[in-house]
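Quick notes on the structure that follows.
The values are calculated or read from the model by the stated rules, or taken from the named source; none is laboratory data. Just so it is clear, the model here is predicted, and its values are computed rather than measured. So basically every Cβ, Gly included, is an ideal-geometry build from the backbone, and we count neighbours across all protein chains shown. These area figures cover heavy atoms from the full protein model, side chains too; ligands, DNA and RNA do not enter into them. Shrake-Rupley method; radii C 1.70, N 1.55, O 1.52, S 1.80 Å.
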Amino acid sequence: MPHSTYTVSPEHLLVARDLAENYNLPFCTHACETNTEVNTVKNRYGLNPIEQLHRLNLVHDHSILAHCVHLSEKDIELLANQQSLVAHCSLSNLKLGSGIAPLPEMQQAGVCLALGTDGPVGKR
């Protein structure tokens, strides 16, 4: 799956979308993990990461979006309405010092939430 809207071009995100749809798989990517990411995507495309993903038809009930720390109220409403799943990666967010996801607001809006690791589980 593609990393994010700031590291993967819209054209390649669309290829990943098409592959996920063709094989009936979820579409997974990072979204709104840091302020730098949000600002980079806004400067590049004129939209924040959630808006950019939505423009590419990548915010839907088969979407899994990791992090979602820096969301607007509009983003939260869109995620809830489109039944997208947010994978909350608390340890990664704390390690990066990137902030705390607005979990109560997302839960109240009806966003489906899950816990994520932001990477593969290592062996002990």
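Is it the case that ALA114 is modelled with pLDDT of 95 or more, loosely packed, with under 14 Cβ neighbours inside 10 Å and touching a strand residue (DSSP E or B) at 6+ places or on another chain (Cβ under 7 Å)? It is true that ALA114 is modelled with pLDDT of 95 or more, loosely packed, with under 14 Cβ neighbours inside 10 Å and touching a strand residue (DSSP E or B) at 6+ places or on another chain (Cβ under 7 Å).
Taking the numbered list (1) modelled with pLDDT under 95; (2) farther than 26 Å from SER9 by Cβ; (3) open to solvent by less than 30 Å² (accessible area, probe 1.4 Å); (4) not basic (Lys, Arg) in turn, MET106 passes all entries but (1).
ASN93 meets the conditions (1) open to solvent by less than 10 Å² (accessible area, probe 1.4 Å); (2) of a type outside the set (A, V, I, L, M); (3) closer than 25 Å to GLU11 by Cα in every case but one. The failed one is (3). Contact annotation: residue pairs with Cβ atoms under 8 Å, 6 or more positions apart or on different chains, pairing a residue in the range 57-81 that is within 24 Å of ASP18 (Cβ to Cβ) with a partner that is basic (Lys, Arg) and open to solvent by 40 Å² or more (accessible area, probe 1.4 Å), are ASN57/ARG17; LEU58/ARG17. Of all the criteria given as (1) over 19 Å from THR7 (Cβ atoms); (2) in contact with a His (Cβ under 9 Å, 6 or more places away or on another chain); (3) not in a helix (DSSP H, G or I), the one not satisfied by ALA87 is (1).
Let's see how each residue does on (1) within 14 Å of the chain's Cα centre (by Cα); (2) outside any loop (DSSP other than H, G, I, E, B); (3) among the aromatic types (Phe, Trp, Tyr):
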site	(1), (2), (3)
ASN93	yes, yes, no
SER98	no, no, no
PRO104	no, yes, no
ASP118	yes, no, no
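Could you check the range 5-43 and list, in sequence order, the residues that are within 14 Å of the chain's Cα centre (by Cα), farther than 13 Å from SER63 by Cβ and of a type in the set (S, T, N, Q)? If the condition is that a residue be within 14 Å of the chain's Cα centre (by Cα), farther than 13 Å from SER63 by Cβ and of a type in the set (S, T, N, Q), then THR7, THR34, ASN35 are the ones that fit.
Under the condition of being assigned to a helix (DSSP H, G or I) and hydroxyl-bearing (Ser, Thr, Tyr), which residue from the range 1-52 is most open to solvent (accessible area, probe 1.4 Å)? Ranking the candidates gives THR36 first.
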